[in-house]
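Here is the structure we will look at.
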Amino acid sequence: MKQKLSFIFTIFLLLNSCKSSKNITDKKCPRHISKSIKGTSIDQFKYTLGKDTLSYNEVKFYCVYNTAFYTHKTMYDKFGKWDREIYANGERHPILLWENIKLFEKDSTLFTIATLGDESEKTIYASFMAYDNNGNDLLNDIIYKEKLVNYFKDLIHKSKPEKRDFYKIYWSMVDTKS
């Protein structure tokens, strides 16, 4: 239970810190970009709460197909509707969580994937975080880090932008929260 609470608290902290992370580029993303990824970064954030330090890693894909929702959409296209949304600090757009999903055929690990992104004047990025069922950050794990980054790059490259089902469900949910 303590690990689950720690995981949820970490997700809430994420929205507070996303705005403070550095951009990989000072150039604006082109308005009509392809499925190529202009850059990728892994940012680590740490928080001290009493005697505990919480940290997580977030993989950011910059200038991905003109939308910060790209990791949301690719997960929806592959796994269906997310399990939970997390709204923090009055944000209009939630972090979407898929829980207990199997990503790799020859690996029995069940993952929790959190997707989010940000659009600003300077950049657009879509991002993800990955945890196991115990709330462990799998982007800290040497075995999973590269596998997960490559997995999401592959999802992005194979995605079909003309498939719009995600947006219908997402906007109907977000618009009712406004």
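The values are calculated or read from the model by the stated rules, or taken from the named source; none is laboratory data. Every value quoted in this text rests on a predicted model; they were computed, and no experiment measured them. Using ideal geometry, Cβ is built from the backbone for each residue, glycine included, and neighbour counts are taken over all protein chains shown.
Table: residues versus (1) among the hydroxyl-bearing types (S, T, Y); (2) under 14 Å from F69 (Cβ atoms).
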site	(1), (2)
L97	no, no
T115	yes, yes
E119	no, yes
N136	no, no
K147	no, no
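Results for (1) in a helix (DSSP H, G or I); (2) within 20 Å of I95 (Cα to Cα), shown as yes or no for each residue.
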| site | (1), (2) |
| --- | --- |
| N134 | no, yes |
| K147 | yes, no |
| Y151 | yes, yes |
| K160 | no, no |
| M173 | yes, yes |
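Candidates in segment 97-119 are the residues that are of a type outside the set (D, E) and in contact (Cβ under 8 Å) with a residue 60 or more places away in the chain; of these, the one that is surrounded by the fewest Cβ atoms within 10 Å (Cβ to Cβ) is L97.
The single condition among (1) at pLDDT below 95; (2) over 15 Å from E58 (Cβ atoms); (3) under 12 Å from the mean Cα position of the chain (by Cα) that I143 does not meet is (3).
Looking at segment 4-119, the strands (runs of 3 or more DSSP E) lying wholly inside it that each contain 3 or more residues that are at pLDDT 80 or above and within 29 Å of M173 (Cα to Cα) sit at 52-62, 84-86, 95-101, 111-119. Within segment 142-171, residues that are more than 16 Å from K73 (Cα to Cα) and among the basic types (K, R) reach no partner that is assigned to a helix (DSSP H, G or I) and at pLDDT below 90 with beta carbons closer than 6 Å at six or more positions or on different chains.
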